[in-house]
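Structure first, then comments.
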Amino acid sequence: MIGDKIYISNLPGWSAAGLAVLSQNKNGETFNFAISEHKAPSVDYENATKLLGATSLCDVSDSLMIQGSQMAEASGVEFEIDGELFKSHPDFVELDEIAKALNISVFDLILSGGEDHIFLATGNDLPAHCIGQVREGSGIRL
């Protein structure tokens, strides 16, 4: 619905980071979580329940951009996503450090990476991480 906020249950990009770590033959403790999320993605059920009461919801297994575009188009609205809002997520700094070590943009991982078991939702006053707003229009805009 126009005026809703856009939320995520967790920060996407970890599985894509794990794949990049393996592809570049990197090793070290810094990369262990990313590798484990690529090999066997986990669901943070506690954060997922924060999306109860959402007006729309889907998983982000294909990527945030693909799933967000599909949701927006199906609803006849525009999803305006604010990249700055990702930076306040508690896991952002660690994912950004991994992205830098891999010479990849952290936003490529977050927006285009797939296979993360997280949820994308719209609603109001949900106790989850807000990344944008639903507006009049169509598709997705960063």
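Overview of values
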quantity: Members of region 71-94 that are part of a strand (DSSP E or B), farther than 18 Å from VAL106 by Cβ and among the hydrophobic types (A, V, I, L, M, F, W, C); calculated: PHE79
quantity: For GLU80: the one exception among (1) out of contact with any helix residue (DSSP H, G or I) (no Cβ under 8 Å at 6 or more places or on another chain); (2) open to solvent by 50 Å² or more (accessible area, probe 1.4 Å); calculated: (2)
quantity: Members of region 5-25 that are hydrophobic (A, V, I, L, M, F, W, C) and in a helix (DSSP H, G or I); calculated: TRP14, ALA16, ALA17, LEU19, ALA20, VAL21, LEU22
quantity: Residue within region 105-119 that is closer than 21 Å to GLY3 by Cβ and either open to solvent by 40 Å² or more (accessible area, probe 1.4 Å) or not basic (Lys, Arg) (or both) present; calculated: yes
quantity: Residue list for region 26-70, filter: in a helix (DSSP H, G or I) and in contact with a Leu (Cβ under 7 Å, 6 or more places away or on another chain); calculated: ILE35, HIS38, LYS50, LEU51, LEU64, MET65, GLN67, GLY68
quantity: Any pair with Cβ under 8 angstrom, 6 or more apart, that starts in region 40-60 at a residue that is on the phi > 0 side of the Ramachandran plot and at pLDDT 95 or above and ends at one that is assigned to a strand (DSSP E or B) and crowded, with 16+ Cβ neighbours inside 10 Å; calculated: GLY53/GLY123
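The values are calculated or read from the model by the stated rules, or taken from the named source; none is laboratory data. Since the structure is predicted, the reported quantities are computational estimates derived from the model, not experimental observations. Every residue, glycine as well, gets a Cβ built from its backbone with ideal geometry; the counts of neighbours run over all protein chains shown. Keep in mind that these areas ignore ligands, DNA and RNA; they rest on the heavy atoms of the full protein, side chains included. Shrake-Rupley method; radii C 1.70, N 1.55, O 1.52, S 1.80 Å.
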